[in-house]
Amino acid sequence: MARIMRERDQRRATHVMTRGDFLQLGQQVEANTPDVLPALHVRRESADRLDLARWLFHPNNPLTARVVANRVWHHLFGHGLVSTLEDFGVQGAPPGHPQLLDWLASETIRRDWSQKAFIRQIVTSAAYRRSS
């Protein structure tokens, strides 16, 4: 018998785990985004996965586009503009060329997240065609 996935009627309470131990519940928290990034726009009384997806790819949220641009750059050149691909946070390395990363991120958004168009732009550039 197949199970049908559906949303719960009541949301379960989410807590901070004291020292990472799931048996020691800390203060209760609500779904939200980091304060340093643009606010999450909620369509209903509380945020859901669609709200999060729209927030991740909103033009005012630069983080996702920067990560995508850095990963494409790493794939094409062998190293990213940010050397720590897996960590864009405070523990990661700062970008070697922050203005280039910002421009590439804005181009990713401007091209409606088309990887094909974005890669074409990079590989037809003078920087890519230079010999090492």
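The values are calculated or read from the model by the stated rules, or taken from the named source; none is laboratory data. Computed from a predicted structure; not experimentally measured. Note that each Cβ is placed from the backbone with ideal geometry, even for glycine, and that neighbours are counted across all protein chains shown.
Please count how many residues of the range 8-24 are within 18 Å of residue 44 (Cβ to Cβ) and assigned to a loop (DSSP other than H, G, I, E, B). Full working, then the answer.
If we filter the range 8-24 for residues that are within 18 Å of residue 44 (Cβ to Cβ), which is where we start, we get 8-12, 14.
Okay, now just the ones that are also assigned to a loop (DSSP other than H, G, I, E, B), so 8-12.
Total satisfying the criteria: 5.
Only residues that are of a type in the set (Gly, Ala, Ser) and part of a loop (DSSP other than H, G, I, E, B) were counted in the range 94-115, giving 2.
Say we look at the range 43-99 and pick out the residues that are of a type in the set (D, E, K, R) and surrounded by 17 or more Cβ atoms within 10 Å (Cβ to Cβ); which of these is nearest to residue 29 (Cα to Cα)? It would help to see each step written out before you state the result.
First, pick out the residues of the range 43-99 that are of a type in the set (D, E, K, R): 43-45, 48-49, 51, 54, 66, 71, 86-87.
If we keep only those that are surrounded by 17 or more Cβ atoms within 10 Å (Cβ to Cβ) as well, we get 51, 66.
On the way: 51: 18, 66: 28 Å.
Once the filter is applied, the top-ranked residue is 51.
I'd like the residue in the range 5-42 that is of a type in the set (A, V, I, L, M) and out of contact with any strand residue (DSSP E or B) (no Cβ under 7 Å at 6 or more places or on another chain) and, out of all such residues, is surrounded by the most Cβ atoms within 10 Å (Cβ to Cβ). Explain how you work it out, then say what you get.
Within the range 5-42, the subset of a type in the set (A, V, I, L, M) is 5, 13, 16-17, 23, 25, 29, 31, 36-37, 39-40, 42.
Okay, now just the ones that are also out of contact with any strand residue (DSSP E or B) (no Cβ under 7 Å at 6 or more places or on another chain), so 5, 23, 31, 36-37, 39-40, 42.
Numbers: 5: 5, 23: 6, 31: 14, 36: 6, 37: 13, 39: 11, 40: 17, 42: 13.
Selected residue: 40.
Taken as a whole, the structure places residue 44 among residues that are part of a loop (DSSP other than H, G, I, E, B), basic (Lys, Arg) and not assigned by TED's automatic domain parsing to the domain that holds residue 111.
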